[in-house]
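Notes for the one structure printed next.
Quick note: the coordinates plus some simple rules give every number you see, no bench work behind them. It should be emphasised that the depicted structure is a prediction, and the values quoted were computed from it without experimental measurement. Note: ideal-geometry Cβ built from the backbone for every residue, glycine included; neighbour counts use all protein chains shown.
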Amino acid sequence: MTRTTDPHEGAGPPIYLTTPIYYVNDAPHIGHTYTTVVTDVLARFHRMRGRDVRFLTGSDEHGQKIERAAATRGLAPLALADEMVARYRALWESLGISHDDFIRTTEPRHRRGVEALYARIKARGDIYRDRYAGWYCTSCESFYPENQVVDGRCPDQGHKVEWTEEESYFFRLSRYQEPLLKLYRERPDFVFPETRKNEVVAFVASGLKDLSISRSSFQWGLPFPDDPQHVLYVWFDALSNYITALGYGEKQAPLYERYWPGIHFVGKDILRFHAVYWPAFLLAAGEPPPRQIVAHGWWLRDAAKISKSKGGVVDPLPFIRDFGADALRYVLLREMVFGQDASFSDEAFIDRVNTDLANDLGNLASRTLKMIEDYRGGVLPAPHGEDAALRDAARAAWDGLVEGFESYGLQTGLQRVSEFVGALNRYIVQHEPWKLARDPQQAAKLDDILYSVAEGLRLVAVLLTPVIPRAAATLHAAVGGEGEVARVSLATFRWGALKPGSRIVRGQPLFPRIDKAAQLAAARKEPRMDTPDVRKDPSPAPPAGASSSVPGPAPAAAPAAAAPAEISIEDFTRVELRTAKVLQAEKVAGADRLLKLTVDIGTETRTIVAGIAARYAPDALVGRTIVVVANLKPAKLRGITSQGMLLAASDATGAPYILTTEDPGVPAGWRVK
Ligand code: MSP
């Protein structure tokens, strides 16, 4: 376990971050990896911001799902759990996950805490015995009322459900409908992002039934405290981990005192358990509810969720083996707009590593170090003045990353750093140090340039430390940065910290370029993914030229349109035009004309499907500022909901030319009039 210590003891209140505890029915895949990497990145980020951070992960080992998986393999459930826990631990180790604790629900400390929590809830009169009759989904470990089950499958994930009738103890969840609604009202950021909060509020507002919290038809679970014939419902058991790991229920629980309430990172599939049941249990026990539940989207493969039960599984290990943990960490963060779904593919992975890490950052580092070696004998020269423009660009990257990461805009934060890396590359091209090096008159200028770029690289290393900790440490040391980069404070921006006279260290390239063709051919022979059970996208292709949200070539035989009728200025202002930054662009599978763009419109991120693929490569769009109609009714194209339309002019053949702003500094979200 790699662990960085808090460089600013006492700056800001303590912060407690948790991942879900993972089921041990099978080995970890990219979905689990994502939740853990995101939490790790934020734990590292907050430590560098000076916060006292505690970071917990662990394993969820009880319940019918695990019992069955173990039986299938002819193992005792605990033996299966031991095997899988070892795999999880090894994966987190190889990914550099910096958790402070790993809790297993089969540990005695957990059981003690769960029993203490149960006792408090019972003492308040919220437990009673009855009979449960209804549907149960073992895959989700969830009960579903009759009216929610569709064709024998659960409404959340489409798994097969089973009719279950058994004696059961119930928790009076219905009592907590109002207290929960009050909680959501009083703490609007209790669930992030807001769209997810709205779903939770709607769910609770539609009425809460009491929840069965014991099972009596199988054995593998914590014994129900009041009745050894029953086992505790696995979600009650599992959710309690967040406090049992802090010593809840022990005579002294200093960690609980210090760190609770915490922030839980979860996938959207398990939001209801965290944002409804969990705070209700805590309210019932008279304990503070969590500080926040942060829900991320799903990694998909061809529109199907990657999951153990449904296939399409991406194993993270070959990616770590072939390209390194940092590359995987970076790509996971960079390719998913936090909160939304994203697609995972070998090709997108390789492109992202090659573009951002090998080309832009890696080459910048190599050429800078080589120039310092060739022109200054490997010793960092002293600058003769400060390059204000470059310093300001560094500051913008710093602020962008900090603001982004503080508000879960992980992708936007990284984008700001990429922009700065781009600025450093342009700075070199613009100043042509290789020419200056031939002219002794220009020695001072060359010193300035070499120093500025090295200092810029140091700051990039600092900013990227939470995301690519190993490569960032190498880069920081390479440009002569002092001490451990993870101990540099992200609390205050400082330009000029590199000490002139330090010796640079030129080693291996940070991120070697991946040979895409060779890797894709190898992946075809030995896939990094299982055969997916792909749910085919059911929506039909849009008729050519007929969609409102896809500018593009008009159908060849279209009659010349009549000139539009005159409109008033009021009519025009009903159209909300805004500047937007393209965060991500990708081809839409099976549609030659279409690109799917993820754009920042200032207040939120949107998906826009645009018919511009014939003229624009996806990569050429990322980072550009475009103009979008922000209040257009969403339309579905090839199964993707397009939440707006970009503006483009078209020539006589109908080829699109996107509208962009003259000044590249115009931010996302400005009104266009
Ligand atoms: N054991 C429960 C959690 C209990 S927490 C008190 C559980 N475990 S899990 O192993 O099935 O999944 C854990 C996490 O992995 C969830 O956050 C889930 O959203 C995430 N992912 C699993 N598949 C995923 C994707 N395909 N994409 C992104 N994350 C997904 O649920």
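Using Cβ contacts closer than 10 Å as the measure, can you line up V622, V575 from fewest to most? Before the final figure, lay out each step's value.
Numbers: V622 18, V575 13.
Least crowded to most crowded, the residues run V575, V622.
Of K268/K596; K160/K516; K197/K587; K525/K636; K435/K581, which sit over 28 Å apart, Cα to Cα? Display every interim value, and only then the final one.
Details: K268/K596 22 Å; K160/K516 40 Å; K197/K587 30 Å; K525/K636 36 Å; K435/K581 36 Å.
Pairs exceeding 28 Å: K160/K516; K197/K587; K525/K636; K435/K581.
In debye, nearest 20, what is the charge dipole magnitude of the chain about its Cα centre with +1 on Lys and Arg Cβ and -1 on Asp and Glu Cβ, if you could check? Could the numbers behind the result be given before it?
Details: 82 positive and 82 negative charges, 65 e Å.
Dipole size: approximately 320 debye.
Here the calculated FRET efficiency for V575 and A614, from their Cβ-Cβ distance with R0 = 30 Å, stands at 0.70, rounded to the nearest 0.05.
At 0.36 nm per residue, minus the direct Cα-Cα distance, what do K636 and R68 gain on full extension? Give it in nm, one decimal, please. Show your work: numbers first, answer last.
On the way: separation 568, 0.36 × 568 = 204.48 nm, distance 4.02 nm.
Here the answer is 200.5 nm.
Once Rh for region 353-502 is found with the Kirkwood sum over Cα pairs, what is the Stokes-Einstein diffusion coefficient at 4 °C and 1.567 mPa s, in µm²/s? The calculation lands on 84 µm²/s. Straight-line cross-link partners of K209 among the lysines, defined as a Cα under 19 Å from its Cα and at least 8 positions apart when in the same chain: K122, K182. In terms of other Cβ atoms within 10 Å, T603, T57 run from fewest to most in the order T603, T57. When you filter the chymotrypsin sites (Phe, Trp or Tyr not before Pro) in region 364-416 for DSSP loop state and at most 11 other Cβ atoms inside 10 Å of their Cβ, nothing is left. Computed on the Cα trace of region 143-294, the radius of gyration divided by the Kirkwood hydrodynamic radius gives Rg/Rh = 0.97.
Once a ≥ b ≥ c are taken as the square roots of the eigenvalues of the Cα gyration tensor of region 351-398, is the result rounded (a/c under 1.5), prolate (a/b larger than b/c) or oblate (a/b not larger than b/c)?
Working: a/c = 4.09, a/b = 1.18, b/c = 3.46.
Judged from the Cα gyration tensor, region 351-398 comes out oblate (a/c at least 1.5, b/c at or above a/b).
For region 563-673, the Cα-based Rg and Dmax, in that order, read 13.9, 41 Å. Of the beta bridges in the chain, as assigned by DSSP with both residues counted there, near 70 percent are antiparallel. Residues S139, S240, S366 in ascending order of nearby Cβ atoms (within 10 Å, fewest first): S366, S139, S240. Here is the result for region 329-379: no trypsin sites (Lys or Arg not before Pro) lie in DSSP coil with at most 10 other C-beta atoms within 10 angstrom of their C-beta.
Note down the relative contact order for the chain as a percent, whole number, built from C-alpha pairs under 8 angstrom at least six residues apart.
Numbers: 1225 pairs, mean separation 77.8, N = 673.
Contact order relative to length: 12 percent.
The gain in end-to-end length when the K445 to S174 segment is fully stretched comes to 90.3 nm, 0.36 nm per residue minus the alpha carbon separation.
The overall shape of region 207-361, judged from the alpha-carbon gyration tensor, is prolate: a/c is not under 1.5, and a/b is greater than b/c. Region 10-58 and region 65-107 have Cα centres lying 17 Å from one another. With Cα atoms defining each centre, region 170-233 and region 596-673 are spaced 41 Å apart in the structure. In straight-distance terms, cross-link reach from K499 covers every one of the lysines whose alpha-carbon lies under 22 Å from its own, apart from those fewer than eight places away in the same chain; here that gives K370, K445.
Its residue count N fixes a reference of 2.2 N^0.38 Å for the chain, and the Cα radius of gyration divided by that reference is 1.05. Between the C-alpha center of region 439-496 and that of region 320-353 there is a gap of 25 Å.
The simple Förster model, with R0 at 30 Å and r as the Cβ-Cβ distance, assigns V429 and E604 a FRET efficiency of 0.30. Once whole DSSP H runs in the chain are found, which of them have Cα atoms spread over 24 Å or more along the helix axis and a mean Kyte-Doolittle score of at least -0.5? For the chain, where a helix must reach 24 Å along its axis and average at least -0.5, the hits are 30-48, 77-94, 388-406, 410-431, 443-464. Note on region 1-122: semi-axes of the ellipsoid equivalent to its C-alpha gyration tensor, largest first and rounded to whole Å, are 29, 19, 10.
So what is the relative contact order for region 85-204, in percent, with contacts set as C-alpha pairs under 8 Å and at least six apart? Present the calculation step by step, with values, prior to reporting the outcome.
On the way: 93 pairs, mean separation 22.7, N = 120.
About 19 percent, as a whole number.
Determine the relative contact order of region 363-516: mean sequence separation of Cα pairs under 8 Å and six or more apart, normalised by residue count, in whole percent. Could the numbers behind the result be given before it?
Working: 193 pairs, mean separation 49.9, N = 154.
Value for region 363-516: 32 percent.
Let a ≥ b ≥ c be the square roots of the eigenvalues of the Cα gyration tensor of region 164-213; is it rounded (a/c under 1.5), or, if not, prolate (a/b larger than b/c) or oblate? The shape class here is prolate.
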